[in-house]
Amino acid sequence: MIPKDAAMLLSFINLKLRDFYPSLDAFCEDTGEDKQDIEERLAAIDYHYDAQKNQFH
């Protein structure tokens with residue numbers, strides 16, 4: 001289960017992407033999380049996924 005708070009979600013997702021997953025797609029496939037939901041929640045606090053860096057910034 002991922003954090004509901006957007007700031008906590010940002011930290012959680014970037015940690016998982018940095019340490020365990022080669023992409024956001026791989027994270028979502030492995031965990032069953034909805035990629036669009038994650039991207040929308042983080043876009044609401046002005047963070048967007050950069051596939052080349054494999055992180056939200």
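The values are calculated or read from the model by the stated rules, or taken from the named source; none is laboratory data. Note that the structure is predicted; figures quoted are calculated from it, not measured. Here Cβ is always computed from backbone atoms with ideal geometry, including for glycine, and neighbour counts include all displayed protein chains.
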Some residue of segment 8-22 being among the small types (Gly, Ala, Ser) and within 9 Å of the chain's Cα centre (by Cα) | yes
For helices (runs of 4 or more DSSP H) lying entirely in the chain, having 1 or more residues that are touching a residue at least 60 places away in the same chain (Cβ under 8 Å) and loosely packed, with under 15 Cβ neighbours inside 10 Å picks out none
Taking the condition touching a helix residue (DSSP H, G or I) at 6+ places or on another chain (Cβ under 7 Å), modelled with pLDDT of 95 or more and small (Gly, Ala, Ser), does Ala6 pass?
-> yes
